[in-house]
1. Among the residues of the stretch 40-70, what is the count of those that are charged (D, E, K, R), within 15 Å of Ala14 (Cα to Cα) and assigned to a helix (DSSP H, G or I)?
2. Every residue in the stretch 21-51 that is within 12 Å of Pro79 (Cα to Cα) and surrounded by 13 or more Cβ atoms within 10 Å (Cβ to Cβ), please.
3. Tell me, please, whether a residue that is at pLDDT below 90, among the charged types (D, E, K, R), within 17 Å of Ser89 (Cβ to Cβ) and not in a loop (DSSP other than H, G, I, E, B) can be found in the stretch 5-27.
4. Need pairs with beta-carbon distance below 9 Å; first residue closer than 15 Å to Arg63 by Cβ and assigned to a strand (DSSP E or B) and within the stretch 76-97, second among the polar types (S, T, N, Q) and at pLDDT 95 or above; sequence gap 6+ or separate chains.
Amino acid sequence: MTSPTDDPARHITAPRLAALRILTAAGPIDEAGIRDAWRASRPGMSPRHVGALPRMIRHLLWRLEILGWITEGEHGWEPTDLGRSVLESRSRSTEPD
């Protein structure tokens, strides 16, 4: 979990943002649902990438949970308030003026 003095922006990566977006749009959601949403958002993925998705998603979920950005509830994974805040701040920082 990130500490209050730790800048969450230093932990942002494109895959983490993609997972947060999926969880925010569809959460709570299980790993299979995340995998399906990931595949739907990237229709041209190679078979090798598709095969690596389960491992990649498990790793992403593990990392996001450690950062305190997501939590696993009774009905699946969903973003925490901190995770939503990270996603919102990232969205604001990439909006054109």
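The values are calculated or read from the model by the stated rules, or taken from the named source; none is laboratory data. Because the structure is predicted, anything quoted here is derived from the model rather than measured. All Cβ positions, glycine included, derive from the backbone under ideal geometry; neighbour counts span all protein chains shown.
1. Filtering the stretch 40-70 for residues charged (D, E, K, R) gives 42, 48, 55, 58, 63, 65.
Then drop every residue that is not within 15 Å of Ala14 (Cα to Cα), which leaves 42, 63.
In the following step, the residues that additionally are assigned to a helix (DSSP H, G or I) were identified as 63.
Total meeting the criteria: 1.
2. In the first step, residues of the stretch 21-51 are kept if they are within 12 Å of Pro79 (Cα to Cα); the result is 21-29.
Those that are within 12 Å of Pro79 (Cα to Cα) and surrounded by 13 or more Cβ atoms within 10 Å (Cβ to Cβ): Arg21, Ile22, Leu23, Thr24, Ala26, Gly27, Pro28, Ile29.
3. Among the residues of the stretch 5-27, at least one is at pLDDT below 90, among the charged types (D, E, K, R), within 17 Å of Ser89 (Cβ to Cβ) and not in a loop (DSSP other than H, G, I, E, B), which makes the answer yes.
4. Trp77/Thr71; Pro79/Thr71
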